[in-house]
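Participant: One structure, pasted below without further comment.
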Amino acid sequence: MLILSSFSSKVPAFLRAIMPRGSMTVHEQSWNAFPYCKTELTNPDYMKDDFLIRIETMHLSDRGTTKNALGLSRDVLNERKVVRIDIANDNEHLSAADILDNTRPSTFRPVNTGRGPLEQQWQTNCEPVMCAYKVITVKFKWLGLQTMVESYIQKQYPRLLCKFNRELFCWMDRWHGLTLAQIRLIEEETQRALDEMRKTGDPRGMTASEH
């Protein structure tokens, strides 16, 4: 799947000030071979090979105990920083704007499955359970800005992933029990909606001003 989107509202003001007009259009490509998935964000029209965000995911039926779920090399493991995300914890990773009563796993009670709310020690006690292991690779080659921007991007992903997965859990009654064909139809409808939003240019989702 290929998605084109503008991320001008999602970058800090200092970067918007120096980026040329039209340079902040990102190509997002995703590959789904569950339990392995990959998403790549690129900027081929301006930064070309100097910009890349790659998100690789492996879904495993465990409680976060696998040390190298994506088979990283020794060199990459030595550089890796592990960040644990507890979607039921309101006090880490999130901004105040992210914490909404209708997407709070610690109080959510699904109608169809009984898989909630997520109480203390849920990561130890809940059944069934799945851990999504993610490796996020960032490249932003720009003299004088590389370290700052790469660090900024890496710091945003725990918040983004925590917020997204809280919503996914609390929308369980909408998707639990759907067939693969129904899910594919939703994906196609979502793609069309995203294309329309891209044409309007209005900000959607998280913005840099919220940080």
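Since every read-out is calculated from the coordinates, none of them should be taken as a lab result. No experiment lies behind these values; they were computed from the predicted model shown. We place every Cβ from the backbone using ideal geometry, glycine too, and count neighbours over all the protein chains shown.
Participant: Please list the equivalent ellipsoid semi-axes of the chain, computed as the square roots of five times the alpha-carbon gyration tensor eigenvalues, in descending order and whole angstrom.
Facilitator: Values: eigenvalues 175, 94, 67 Å².
They are 30, 22, 18 Å, listed largest first.
Participant: Step through the table entries Lys81/Lys134; Lys141/Lys163; Lys81/Lys155; Lys38/Lys81; Lys38/Lys199, compare each Cα-Cα distance with 21 Å, and write down the pairs that go over it.
Facilitator: Values: Lys81/Lys134 11 Å; Lys141/Lys163 28 Å; Lys81/Lys155 11 Å; Lys38/Lys81 19 Å; Lys38/Lys199 26 Å.
Over 21 Å Cα-Cα: Lys141/Lys163; Lys38/Lys199.
Participant: Follow-up question, since we're still on this one. Are there GluC sites (Glu not before Pro) in region 71-119 that DSSP marks as loop and that have at most 12 other Cβ atoms within 10 Å, and which are they?
Facilitator: Numbers: sites: Glu79, Glu92, Glu119; in loops: Glu92, Glu119.
Hits after loop and neighbour filter: Glu92, Glu119.
Participant: Would you look at the GNM of the chain, springs on alpha carbons closer than 10 Å, and say which of Ala88, Ala69, Ala13 moves the most?
Facilitator: Sorting by GNM fluctuation, first place goes to Ala13.
Participant: Would you calculate, for the chain, the mean residue ellipticity at 222 nm contributed by helices, counting each DSSP H stretch of 4 or more residues as -39,500 (n - 2.57) and dividing by all residues, to the nearest 500?
Facilitator: On the way: 6 runs with 66 residues, N = 211.
That calculation yields -9500 deg cm²/dmol at 222 nm.
Participant: Under a GNM of the chain (C-alpha, springs under 10 Å), which listed residue has the highest mean-square fluctuation: Leu41, Leu60, Leu77?
Facilitator: Leu77
Participant: For region 21-120, report the % of Cα-Cα distances exceeding 17 Å.
Facilitator: Details: 3532 of 4950 pairs.
Everything past 17 Å amounts to 71 percent.
Participant: Continuing with the same structure: Could you list the GluC sites (Glu not before Pro) in region 19-63 that lie in coil according to DSSP, counting only those with at most 14 other Cβ atoms within 10 Å of their Cβ? List each step's numbers first, then the result.
Facilitator: On the way: sites: Glu28, Glu40, Glu56; in loops: none.
Of the GluC sites (Glu not before Pro), not one in the loops of region 19-63 has a Cβ with at most 14 other Cβ atoms within 10 Å.
Participant: Specify which residue in the list Trp142, Thr107, Cys126 is farthest towards the positive end of the charge dipole of region 57-166, using unit charges on the beta carbon of Lys, Arg (+1) and Asp, Glu (-1), about the Cα centre.
Facilitator: Trp142
Participant: Continuing with this model, one more query. What's the center-to-center distance, using Cα atoms, between region 161-197 and region 103-146 in Å?
Facilitator: 16
Participant: Additional query: Could you state the angle between the C-alpha long axis of helix 146-170 and the longest principal axis of the C-alpha atoms of the chain, as a value from 0 to 90 degrees rounded to the nearest 10?
Facilitator: Here the helix axis deviates by roughly 30 degrees.
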